[in-house]
Amino acid sequence: MGEVHRLAIVGCGGHARYNLAPLWRGIPEVEPVGACDVNADALASFAEEFGVGNTYSDLPTMLAEQKPDILIDASWPSVHLQNVREAARGGVRGMMSEKPFAVDGAEAEEMVRTAKSANVVLMEGLMFHYQPQILAVKQRILEGAVGEVRFVRATFSSPMVPRGNWRLNAELGGGAAMDLGCYCVSCIRYLVGSEPQSVSVAGTMAEGTEAWQTLIGSLHFDHGVTAQFDCGFGWPWRVAYEVVGSDGAIMVPVGDWSIPKEIGEGIETQFTLIRGDPHVDFYQETIRVAGVNPYRTQLLDLCNALSNGTPTRLTADDALANMRVIDAIHASAATGRRVDVAT
């Protein structure tokens, strides 16, 4: 076993309970030393279930007393910036902020600047980048299996969430693009291998809120590459993406940004590569990939970065770039116009 990192978490809700904390038990590289939440009942039950002896309602106090190496921020996006500031002041070495990274690009930029100035390794919790499926798709693209990428499509929808849920509260960082579309945008950017220059988007607001319930649009890249995405609450579960190139296409019917209990360790996924003319030289191959627990793999990546100084697969700059695209998506949907992505 290598270096053991003291780990603390702020935000002890459902995501922390069902996806994050269970993996600590199987990672000898981390030692949970503290949990923080303003909800006393959630904090107490979380600490009891996962054996965390030190609980706090105040983040600065936890950081001062426990001095964690790693802070996982599973709180609402609206407090991510403040938590990064506290982490930088509190001597945290590495931090993972759950998606969405921030409420907007301006706060994301401040988070990145603060982390870099304090030498904090900061990353966003977009765990699907650690699943073998999308890595295998990317490898096929790099090998030229589909030729030059011309078009990418990504979709993520889910049933309607309760009206009181943070996902429908814009002030807390909710909305379709924030909770679901962030995956689509990140997937598209990764597979295309560059940043979109502008976006054209339409959408609908959730009734009685200022949060986007559905968003559908296009991302425009240099060299004639276009991508499309859709995301929304109140639709069936749809988690898929497709890459179309000059010589072929890759279709992924169930994308690996779905939750780990559906696409997780030991679960096999697949995608299809097609090339050629169905009337002449049609070629079709189904590639099967065994899944992993992506949260575990991402946390180990952060531990490795702290121990060895190696870059993490996901960087703070990538999180900022993703947030800037989401800002443009919101602006385009609000105005009905094509909007440039900030750089």
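Taken over segment 46-64, the criterion of being under 15 Å from Ala16 (Cα atoms), out of contact with any Phe, Trp or Tyr (no Cβ under 8 Å at 6 or more places or on another chain) and part of a loop (DSSP other than H, G, I, E, B) is satisfied by Gly51 alone.
Of these, Val280, Val289, Val339, Val325, which one is crowded, with 18+ Cβ neighbours inside 10 Å, at pLDDT below 95, over 28 Å from Gly2 (Cα atoms) and aliphatic (A, V, I, L, M)? Step by step, each of Val280, Val289, Val339, Val325 is checked, and only Val289 is crowded, with 18+ Cβ neighbours inside 10 Å, at pLDDT below 95, over 28 Å from Gly2 (Cα atoms) and aliphatic (A, V, I, L, M). Would you mind stating whether Leu43 is open to solvent by less than 50 Å² (accessible area, probe 1.4 Å), assigned to a helix (DSSP H, G or I) and at pLDDT below 90? Judged against the criteria, Leu43 is not a match.
Taking the criterion of being hydroxyl-bearing (Ser, Thr, Tyr) and either more than 15 Å from Met123 (Cα to Cα) or in a helix (DSSP H, G or I) (or both), the only residue of segment 77-107 that qualifies is Ser78. For Val33, the conditions (1) part of a strand (DSSP E or B); (2) open to solvent by 20 Å² or more (accessible area, probe 1.4 Å); (3) farther than 17 Å from Gln298 by Cβ all hold with the exception of (2). Within this structure, Gly175 passes the test of being open to solvent by less than 20 Å² (accessible area, probe 1.4 Å) and under 17 Å from Val339 (Cβ atoms). When Ala342, Ala331 are checked against the criterion of being touching a strand residue (DSSP E or B) at 6+ places or on another chain (Cβ under 9 Å) and not acidic (Asp, Glu), a single residue qualifies: Ala331. Scanning segment 254-261 for residues that are hydroxyl-bearing (Ser, Thr, Tyr), within 18 Å of the chain's Cα centre (by Cα), crowded, with 19+ Cβ neighbours inside 10 Å and within 21 Å of Pro162 (Cα to Cα) turns up at least one hit. Go through the residues of segment 115-129 one by one and say whether even a single one is under 21 Å from Ile329 (Cβ atoms), at pLDDT 95 or above and open to solvent by 40 Å² or more (accessible area, probe 1.4 Å). Checked segment 115-129: no residue is under 21 Å from Ile329 (Cβ atoms), at pLDDT 95 or above and open to solvent by 40 Å² or more (accessible area, probe 1.4 Å). For Phe101, the conditions (1) among the aromatic types (Phe, Trp, Tyr); (2) under 21 Å from Asn169 (Cβ atoms); (3) open to solvent by 20 Å² or more (accessible area, probe 1.4 Å) all hold with the exception of (3). Within segment 46-86, if we keep just the residues that are acidic (Asp, Glu) and more than 21 Å from Leu302 (Cα to Cα), the residue that is most open to solvent (accessible area, probe 1.4 Å) turns out to be Glu48. The set of residues in segment 318-343 that are outside any helix (DSSP H, G or I) and of a type in the set (Gly, Ala, Ser) comprises Gly336, Ala342. Here Ile274 meets each of (1) out of contact with any strand residue (DSSP E or B) (no Cβ under 9 Å at 6 or more places or on another chain); (2) open to solvent by 20 Å² or more (accessible area, probe 1.4 Å) with one exception, condition (1).
Okay, residues lined up against (1) among the polar types (S, T, N, Q); (2) closer than 22 Å to Gly13 by Cα; (3) in contact with a Cys (Cβ under 7 Å, 6 or more places away or on another chain):
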| residue | (1), (2), (3) |
| --- | --- |
| Phe50 | no, yes, no |
| Ile72 | no, yes, no |
| Pro77 | no, yes, no |
| Leu81 | no, yes, no |
| Met95 | no, yes, no |
| Pro100 | no, yes, yes |
| Glu110 | no, no, no |
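Screening Thr272, Thr297 for residues that are of a type outside the set (D, E, K, R) and either farther than 30 Å from Arg113 by Cβ or at pLDDT below 90 (or both) leaves exactly one candidate, Thr272. Checked against the criterion of being touching a Pro at 6+ places or on another chain (Cβ under 9 Å) and either surrounded by 19 or more Cβ atoms within 10 Å (Cβ to Cβ) or in contact (Cβ under 8 Å) with a residue 40 or more places away in the chain (or both), segment 136-154 contains not a single residue that satisfies it.
Report, by residue number, each residue of segment 104-146 that is farther than 11 Å from Leu320 by Cβ and under 14 Å from the mean Cα position of the chain (by Cα). Listed by number, the residues that qualify are Met123, Gly125, Leu126, Met127, Phe128, His129, Tyr130, Gln131, Ile134. Among residues of segment 155-169 that are closer than 24 Å to Ile188 by Cα, those with a beta-carbon under 8 Å from a residue that is of a type in the set (A, V, I, L, M, F, W, C) and open to solvent by 70 Å² or more (accessible area, probe 1.4 Å) at least six positions away or on a different chain give the pairs Ser157/Trp235; Ser157/Trp237; Ser158/Trp235; Ser158/Trp237; Pro159/Trp235; Pro159/Trp237.
The values are calculated or read from the model by the stated rules, or taken from the named source; none is laboratory data. In this text, all values refer to a predicted model and were calculated from it rather than measured experimentally. All Cβ positions, glycine included, derive from the backbone under ideal geometry; neighbour counts span all protein chains shown. Heavy atoms of the whole protein, side chains included, go into the accessibility calculation; ligands, DNA and RNA do not. Shrake-Rupley method; radii C 1.70, N 1.55, O 1.52, S 1.80 Å.
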